[in-house]
Amino acid sequence: MKPNQLISLMIATLLLAACEPSTPTDTPADTPADTPAGTPASAASTAPVTAVVELPVRYSVIELSDLDSPPKLTALCESENQLLRQHMASLESYAGKVTVDGYYKSLDSLVTSLGNLTAYAQSLSGIHPDPQLRTAGENCAQLLAKIGTDLGLSRPIYEAVSQLDISNEAPATQRSVEKTLLAYRLSGVDKDEATRQRIRELNNELVSVGQTFDRNIRDDVRTLVLDSVADLAGLPQDYIDARPPGEDGKIRITTQYPDLLPFVTYAESDALRKELLTLNLNRAYPQNKEVLEQLLAGRFELARLIGFNNYAELVTADKMVGSPQRVSSFLEELKGYTSEVNDRDYNILLERLRQDQPDAERVEAWQAAYITEKVQNEKFQVDSKKTREFFNYNNTRDGILTMVQDLFQVQIRPWQTETWHADVESYELLDGERVLGRFYLDMHPREGKYQHAAMFPFTNGIEGVQLPLAALVCNFPAGTGLMQHSEVITFLHEFGHLVHWMFAGHQPWSNVSGIATEWDFVEAPSQMLQEWVWDYPTISRFAKASDGQVIPEELLNKMIAARDFGLGMATRRQLSLAALSLNLYNQDPATIDPDELTQRMSREFTHFEAIPGTHFYANFGHLNDYSAIYYTYQWSLAIATDMFTRFKDQGLRNVEVAGAYRDIVLGSGGTRPAAELVTEFLGRDISFKPYADRLSGKQ
Ligand SMILES: [Zn+2]
């Protein structure tokens, strides 16, 4: 959900903190290719100025009720587009003295207003139940992205910002201006007009291509049709009960997570697991093959025009890693740390498989989850069907809300407001009497909705201007439906993004407020919060079976013992995805065969072969929004593991440590480099050793 490099750099609001903790797998659907690639607006530089120009400071205020029908959304988008264009024109033609309080504030209010409606439009395009409204949202995001592109390529604005004297400004302001100038340089603002024109065209095209890629995944849900309940052998009874045969006597299992995950974990039939996984890995294929090729080609050309060798260089230039080479070496380092445990655990799986299939030569991708479950069950006495019984959705939600309140010393209370669907709940988060931010929980699957788990931004908080607002979008069972333990982890993960969004959204400028930190740090707060799911005092407060029995401590201890089994293999899987993402973008795409590359990365990093006849890249949604930088999950996890050492030493429920973490690491937003924040919190330099020890089994 990054319309383009520039806008993402300038507008923190657009950051969709996408996030599954583990395997991405999405599926989309298809829809008509929308968007005529509009002519690049040149509302920009206009007439010479003769009189003193008043620079506008205008922050748009968007409400869901302004966008509750496609015509209303479109009308608002058009009128807002005009206002934003006028605002930009006045900045471009301004000839007076350039100051932080005058010019820069006006620019920031423009960026904020642009971000506000863009975030609403993009978010609703992924979650609104009305397909026409989703399309209207996409179109609106595209229209606004053009402003972002033009803004990023505006020489007059760039030159004005370059003139600002920030030597006596507060550090947050200095950093904001420096980030803006860097974003400008990475957008190609210093190129000649013909080049900038081509960059504009490409940016606009790429928004549309990326949306098509996402939509194809989102809209494509596939279904496995089973002849009888016998085909569900191995699955938990509540799963079977919830999926009765249709009138034709057939049972339908879709590629949506609540159907898919238990099926590939428990179904006894090897053939049916393979069939369902194959359906899942072919979502959006073949249509997305061509779309991906367009995406790669367009981004490659864009990077070359801006002066980089490839898109991976461009997109890592403002990250903690700094270059694709560093990404590569990082992936290799992690490969090294996981060598032994990856082989060891795979061999355990193979040995176990041979008890059922004596002539098995290797473990196949569709057997991995199933056999892993068996090993965990037999070797560690952890039966995830049993553990599910302690995690019904309602209790889990309440437990997580309570945990966050206790840990960060805040209050969460229901917020009465309208939403886009009856399933959606709304809350506000307070520190004492002060409302810090608001959020929605949109937690259950429905047709046409984004199929993974992510935080969707609505409003980036800016101190004194607007409160942070975001939605957690997940696909969990509803009510007293039972969640897999891994889903509880996902829930906490997303909540980690949300608290970051809430606590960080109180800085003075849009590009340093909210999750406006380096992108490869973004997944650190979310991945760290996952750790609390292993803390007995925390989970015993909400993990209760339907008869009221609290999860036994002994069971959690067994789960902890079982937790690291398979960690090496899971990490290698993540590395293969990161390498796929990097290698699609660090070379001339004309020479790439995505099928071959997918297969090769799987072999290079894992013991598993890609399932023949599948095309995972077609539904690997991160290839659009994360492009080359899927490595960020592992990079952030290495830092999260390091940050967590302080909690481990001083207590997971230590409110002083949590307070320091909240104020320094989260609350600072993007006003300082992430490495500096973590160093201050830990009282020492960042170290990857804790993660290396964890991966290599040394703990
Ligand atoms: Zn995440």
Exercise. Out of all the residues in segment 486-538, which are within 24 Å of Leu107 (Cα to Cα), of a type in the set (D, E, K, R) and within 13 Å of the ligand (Cβ to nearest atom)?
Worked result: none
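It is to be established whether one or more residues within segment 493-516 are in a helix (DSSP H, G or I), without any contact (Cβ under 8 Å) to a residue 40 or more places away in the chain and under 15 Å from the mean Cα position of the chain (by Cα).
yes
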Exercise. Just to be sure, is Ala675 at pLDDT 95 or above, part of a helix (DSSP H, G or I) and more than 27 Å from Val315 (Cα to Cα)?
Worked result: no
Exercise. Quick check, is Arg196 basic (Lys, Arg) and in contact with a strand residue (DSSP E or B) (Cβ under 9 Å, 6 or more places away or on another chain)?
Worked result: no
Exercise. Residue check: is Leu124 within 22 Å of the chain's Cα centre (by Cα), at pLDDT 95 or above, open to solvent by less than 10 Å² (accessible area, probe 1.4 Å) and not small (Gly, Ala, Ser)?
Worked result: yes
Exercise. Just wondering, is there one or more residues in segment 431-450 that are within 16 Å of the ligand (Cβ to nearest atom) and open to solvent by 10 Å² or more (accessible area, probe 1.4 Å)?
Worked result: yes
Problem set entry | Complete set of residues in segment 564-607 that are assigned to a helix (DSSP H, G or I) and small (Gly, Ala, Ser) | Gly568, Ala570, Ser576, Ala578, Ala579, Ser581, Ala590, Ser602
Seminar exercise, completed: The number of residues in segment 210-224 that are surrounded by fewer than 22 Cβ atoms within 10 Å (Cβ to Cβ) and part of a helix (DSSP H, G or I) is 1
For this session: Please indicate, with yes or no, whether at least one residue in segment 615-636 is farther than 22 Å from Glu518 by Cβ and free of Cβ contacts under 8 Å to residues at least 40 places away in the same chain.
Result: no
Exercise. Considering segment 377-386 alone, what residues qualify as being touching a residue at least 40 places away in the same chain (Cβ under 8 Å), surrounded by fewer than 22 Cβ atoms within 10 Å (Cβ to Cβ) and out of contact with any Asp or Glu (no Cβ under 8 Å at 6 or more places or on another chain)?
Worked result: Lys379, Phe380, Gln381, Lys385, Lys386
Problem set entry | Looking only at segment 587-630, and only at residues there that are closer than 23 Å to Lys698 by Cβ and of a type outside the set (A, V, I, L, M, F, W, C), the one that is nearest to the ligand (Cβ to nearest atom) | Thr606
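State yes or no: is Asp588 touching a residue at least 24 places away in the same chain (Cβ under 8 Å) and either charged (D, E, K, R) or under 22 Å from Arg694 (Cβ atoms) (or both)?
On the way: touching a residue at least 24 places away in the same chain (Cβ under 8 Å): yes; either charged (D, E, K, R) or under 22 Å from Arg694 (Cβ atoms) (or both): yes.
Yes; evaluated as a whole, the condition is true for this residue.
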Seminar exercise, completed: Selection over segment 250-304 where residues are free of Cβ contacts under 8 Å to residues at least 40 places away in the same chain, open to solvent by less than 20 Å² (accessible area, probe 1.4 Å) and among the small types (Gly, Ala, Ser) yields a count of 1
For this session: Pick out, from segment 81-162, the helices (runs of 4 or more DSSP H) lying fully within it that include 2 or more residues that are under 30 Å from Asn216 (Cα atoms) and hydrophobic (A, V, I, L, M, F, W, C).
Result: 105-127, 131-152
Exercise. Does Thr480 fit the bill of being assigned to a loop (DSSP other than H, G, I, E, B), within 16 Å of the ligand (Cβ to nearest atom) and either open to solvent by 20 Å² or more (accessible area, probe 1.4 Å) or touching a helix residue (DSSP H, G or I) at 6+ places or on another chain (Cβ under 6 Å) (or both)?
Worked result: no
Exercise. Is at least one residue of segment 400-413 within 27 Å of Ala692 (Cβ to Cβ), among the polar types (S, T, N, Q) and touching a residue at least 12 places away in the same chain (Cβ under 8 Å)?
Worked result: no
Exercise. Which of the residues that make up segment 225-281 are more than 23 Å from Lys374 (Cβ to Cβ), among the aliphatic types (A, V, I, L, M) and outside any helix (DSSP H, G or I)?
Worked result: Val225, Ala242, Ile251
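The values are calculated or read from the model by the stated rules, or taken from the named source; none is laboratory data. Everything numeric here is computed off the predicted structure, so don't read it as measured data. Positions of Cβ are generated from backbone atoms using ideal geometry, with glycine treated the same way; all protein chains shown enter the neighbour counts. Remember, those area values only see protein heavy atoms, side chains included, never the ligands or the DNA or RNA. Shrake-Rupley method; radii C 1.70, N 1.55, O 1.52, S 1.80 Å.
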